[in-house]
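The values are calculated or read from the model by the stated rules, or taken from the named source; none is laboratory data. The model shown is predicted, which means the values in this text are computed figures rather than measured ones. Please note: Cβ atoms are built from the backbone with ideal geometry, for glycine as well, and neighbour counts cover all protein chains shown. Just the protein is used for accessible areas: all its heavy atoms, side chains included, with ligands, DNA and RNA removed. Shrake-Rupley method; radii C 1.70, N 1.55, O 1.52, S 1.80 Å.
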Number of protein chains: 2
Amino acid sequence: MPVPLYQAKAEFFRILGHPVRIRVLELLQGGPMPVRDLLAEIDVEPSSLSQQLAVLRRAGIVSATREGSTVVYELSTSDIADLMRAARRILTEMITSREGLLAELKAAEEEDR
Amino acid sequence: MPVPLYQAKAEFFRILGHPVRIRVLELLQGGPMPVRDLLAEIDVEPSSLSQQLAVLRRAGIVSATREGSTVVYELSTSDIADLMRAARRILTEMITSREGLLAELKAAEEEDR
DNA sequence: CGACCAATTGAAGAATTCTTCAAGTCATCT
DNA sequence: AGATGACTTGAAGAATTCTTCAATTGGTCG
């Protein structure tokens, strides 16, 4: 019996809900990347990055292959990019509409003087 | 100084990472809905649903308006639907590719006999 | 082989998030 | 006003997740 889809969805989003993991996914959108390079871009300690990479790996969102002494990561599916795009659209939408609200409040405040 | 976008993204996904909250968002895609109806669809206690609705409200993802003695919720932005669609695509993709892998493993196992 | 770099793992304590229950608010009805 | 129904809130303990550090694995080089 399969896990209900809404539960799988929740779990999936929960996995994305971490700053380091998001950074990793954003970087991997440009193509496969060795840990070394991820480390250079994301301000975090090696062991900490590894922990988060392990989370993404267990969830099947990224996969790793060893090449000599370095390990290269890549997205399991390029669809991730769409998701990120959708998220960005929502966030900018939410932020600008909230700024709009703030502006209105501020204007109302001015009028009160 | 604004919060870095990747951090806002992580926070946003974290908010989506809960089964009840996902169910709510799915249901609200059909349009505004009173708490009563949400309660009828989602197997959860009233106070528990309220807690999760509060999380979504604080994040600005849904908004509530009181109409008489009932409270009606709705999505703050309809873009949420796109996000859900993208997530569903990724999940089904990941699941089917994993099933493919399982099938291969099973076949290899047969050969071993 | 021994030293060293790259990355991962295990484990423990700290921090966050969930669940639940009792109490509270707001509107409606008699 | 008092009682009832619809939701929400606050708070405490349980459960999860994060962070960090020490130990470990795999590979390369002298």
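Tell me, please, whether a residue that is of a type outside the set (A, V, I, L, M) and in contact (Cβ under 8 Å) with a residue 40 or more places away in the chain can be found in the range A:64-74.
Looking for residues that are of a type outside the set (A, V, I, L, M) and in contact (Cβ under 8 Å) with a residue 40 or more places away in the chain, one finds at least one in the range A:64-74, hence yes.
Could you say whether any residue in the range B:78-90 is assigned to a loop (DSSP other than H, G, I, E, B) and modelled with pLDDT under 95?
The answer is yes, given that some residue of the range B:78-90 is assigned to a loop (DSSP other than H, G, I, E, B) and modelled with pLDDT under 95.
Which of the following residues is buried (at least 18 other Cβ atoms within 10 Å of the Cβ), farther than 17 Å from B:Phe12 by Cβ and either among the acidic types (Asp, Glu) or within 16 Å of DNA strand D (Cβ to nearest atom) (or both): A:Leu16, A:Leu39, A:Leu49?
A:Leu49
Kindly indicate which of A:Ala40, A:Ala8 is near DNA strand C (Cβ under 10 Å from one of its atoms), in a helix (DSSP H, G or I) and without any contact (Cβ under 8 Å) to a residue 12 or more places away in the chain.
A:Ala40
When you go through (1) open to solvent by 30 Å² or more (accessible area, probe 1.4 Å); (2) more than 21 Å from A:Ala8 (Cα to Cα); (3) more than 11 Å from DNA strand C (Cβ to nearest atom) one by one for B:Gln29, which number turns out not to apply?
All conditions pass for B:Gln29, except number (2).
With respect to A:Ser63, is the statement that it is at pLDDT below 95, within 16 Å of DNA strand C (Cβ to nearest atom), within 14 Å of chain B (Cβ to nearest Cβ) and open to solvent by 30 Å² or more (accessible area, probe 1.4 Å) true?
In short, no.
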